[in-house]
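Have a look at the structure below, then the notes.
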Amino acid sequence: MFPLPKEDKKVSPYFVFYLVHAMQIGVGILGFERIIVQSAGYSAWIAILTSGASIIGLVWVSYRILNKGNNDIVAIHAEIMGKWIGGFFSFLFLLYFFAFALVVLRSYVEVLQVWVFPEVSEWIFILIIILLAYSYVTGGFRVVTGVSYLGVLYGLPLLLVKFYPLQYADYGNLLPILDASPGDLFKASKDMTLNFLGFETLFMFYPFIKDGPKSEKWAYFGVLFSIFIYLLTAFVTFVYFNQEQLKSTIWATLTLWKIVDLIIVERFEYIGISVWFFAILPNICIGLWCASRGMNRLFPVSQRSALRVFCLLLFFISVLLTNRQQIDLLQKAVSQIGLYSIYFYLPCLMVLQYIIMKVKKA
């Protein structure tokens, strides 16, 4: 009922590192510091570690489910819950993947408008990005994987820029250490976890990995690298801004880019925003690929036709989101859905799968 892809359409296990990491480092890293500092102050770096550790645990849960099911989430749902109930939950998953791509696209276009092209209509950027993502996704999963690989590589040089603000660092900002209450740290950890969402796409592209179980360690490495990037970014931001400044700075990373002084570049933030496009493009491509692949598995429709429908929806919904409040509301809604899905639904699914398989064997 749910055939596996052919061998020539699969990618090597180590590419999971790039796929997982690319989904976790997107628009959120441009301003996550302000959100977690509001809850736990400059002890919020602990929240990055605790939430990252919990994500590693959830990746372990995901691989227990996927290794037993040896297929994507659509087939696993059908096996555990049956065609109709399983199909319903699978449909919710693909809507979530689509919503993830929508949030990333609209958030990045907002950054473009505010920082670079305030006079240009948002629909122009939205259309260009969607057409570009469509061209990559129609090339198949191997092309999408290549986009993720290049997105990670192109974003790495921006790490060097983080050393510029350290010239003006006040390391006393980090003191006192551990001055937040357990409740504040828990809230900050919850807020930080939202930035690690995206690894759930494993549930759609797992069958496209050669020898899927061998890719597990690469998924862990991807999450660990994401934790390192967030920790480094938070550290540089914390020692540059004091807490009151940071609480009123929406995009701290972009503000730090403004102080970069290069002989050949007057406004480095323009360069940074342009380069960061290659970091957010995999988010959109993987989200659209997962959503259209899910439609193809659930309904008698080709993946390309489903992709066209999702691209049209992506364009019209993005254009309708016209102000900061609407975008903020969408971000919070998708984040909350993702949060409850990974922390409650995935462990329940693992337990249910274990029970069903035991009953079938008996």
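Some notes on this structure:
- In the set 249, 201, only one residue is at pLDDT below 85, in contact with a Phe, Trp or Tyr (Cβ under 7 Å, 6 or more places away or on another chain) and among the hydroxyl-bearing types (Ser, Thr, Tyr); that residue is 249.
- Failed item in (1) within 20 Å of the chain's Cα centre (by Cα); (2) in a helix (DSSP H, G or I), with residue 250 passing the rest: (2)
- Restricting attention to the stretch 91-132, the residues that are over 18 Å from residue 320 (Cα atoms), buried (at least 21 other Cβ atoms within 10 Å of the Cβ) and in contact with a Phe, Trp or Tyr (Cβ under 8 Å, 6 or more places away or on another chain) total 1.
- Residue in the stretch 170-188 that is least open to solvent (accessible area, probe 1.4 Å), counting only those that are modelled with pLDDT under 85 and of a type in the set (A, V, I, L, M, F, W, C): 180
- Check on residue 19, over 29 Å from residue 243 (Cα atoms) and in contact with a Ser or Thr (Cβ under 9 Å, 6 or more places away or on another chain): yes
- Number of the exception - residue 163 against (1) assigned to a helix (DSSP H, G or I); (2) open to solvent by 30 Å² or more (accessible area, probe 1.4 Å): (1)
- Residues within the stretch 255-273 that are part of a helix (DSSP H, G or I), open to solvent by 10 Å² or more (accessible area, probe 1.4 Å), in contact (Cβ under 8 Å) with a residue 40 or more places away in the chain and not aromatic (Phe, Trp, Tyr), tallied: 1
- Of the criteria (1) farther than 19 Å from residue 283 by Cβ; (2) crowded, with 21+ Cβ neighbours inside 10 Å, which one residue 17 fails: (1)
- Criterion (over 30 Å from residue 258 (Cα atoms), out of contact with any Lys or Arg (no Cβ under 7 Å at 6 or more places or on another chain) and modelled with pLDDT of 90 or more) met by exactly one of 101, 53, 22: 53
- Within the stretch 25-46, residues that are surrounded by 24 or more Cβ atoms within 10 Å (Cβ to Cβ) reach partners that are modelled with pLDDT under 85 and of a type in the set (Lys, Arg) with beta carbons closer than 7 Å, at six or more positions or on different chains, in the pairs 37/247.
- Filter result for residue 284 (touching a Phe, Trp or Tyr at 6+ places or on another chain (Cβ under 8 Å), β-branched (Val, Ile, Thr) and open to solvent by less than 10 Å² (accessible area, probe 1.4 Å)): no
- Residue within the stretch 318-340 that is aromatic (Phe, Trp, Tyr), more than 18 Å from residue 57 (Cα to Cα), out of contact with any Leu (no Cβ under 8 Å at 6 or more places or on another chain) and in a helix (DSSP H, G or I) present: no
- Within the stretch 290-301, the set of residues being open to solvent by 10 Å² or more (accessible area, probe 1.4 Å) and either more than 20 Å from residue 78 (Cα to Cα) or in contact (Cβ under 8 Å) with a residue 24 or more places away in the chain (or both) comprises 293, 295, 297, 298.
- Among the residues of the stretch 133-146, not a single one is open to solvent by 50 Å² or more (accessible area, probe 1.4 Å) and over 30 Å from residue 316 (Cβ atoms).
- Residues of the stretch 189-210 satisfying the condition of being surrounded by fewer than 23 Cβ atoms within 10 Å (Cβ to Cβ), of a type in the set (Val, Ile, Thr) and not in a helix (DSSP H, G or I): none
- Scanning the stretch 55-90 for residues that are within 24 Å of residue 190 (Cβ to Cβ), small (Gly, Ala, Ser) and crowded, with 18+ Cβ neighbours inside 10 Å gives a single hit, 62.
- Residues being among the polar types (S, T, N, Q) and at pLDDT 90 or above - total across the stretch 65-82: 1
- Qualifying residue in the stretch 310-331 (condition: farther than 18 Å from residue 108 by Cβ and surrounded by 14 or more Cβ atoms within 10 Å (Cβ to Cβ)): no
- Of all residues in the stretch 211-235 being open to solvent by 10 Å² or more (accessible area, probe 1.4 Å) and of a type in the set (Phe, Trp, Tyr), the one that is farthest from residue 91 (Cα to Cα): 235
The values are calculated or read from the model by the stated rules, or taken from the named source; none is laboratory data. Since the model is a prediction, treat every value here as computed from it, not as a measurement. Don't worry about glycine lacking a Cβ; one is built from the backbone with ideal geometry, like all the others, and counts go over all protein chains shown. In case anyone asks, the SASA skips ligands and DNA or RNA and just uses the protein heavy atoms, side chains included. Shrake-Rupley method; radii C 1.70, N 1.55, O 1.52, S 1.80 Å.
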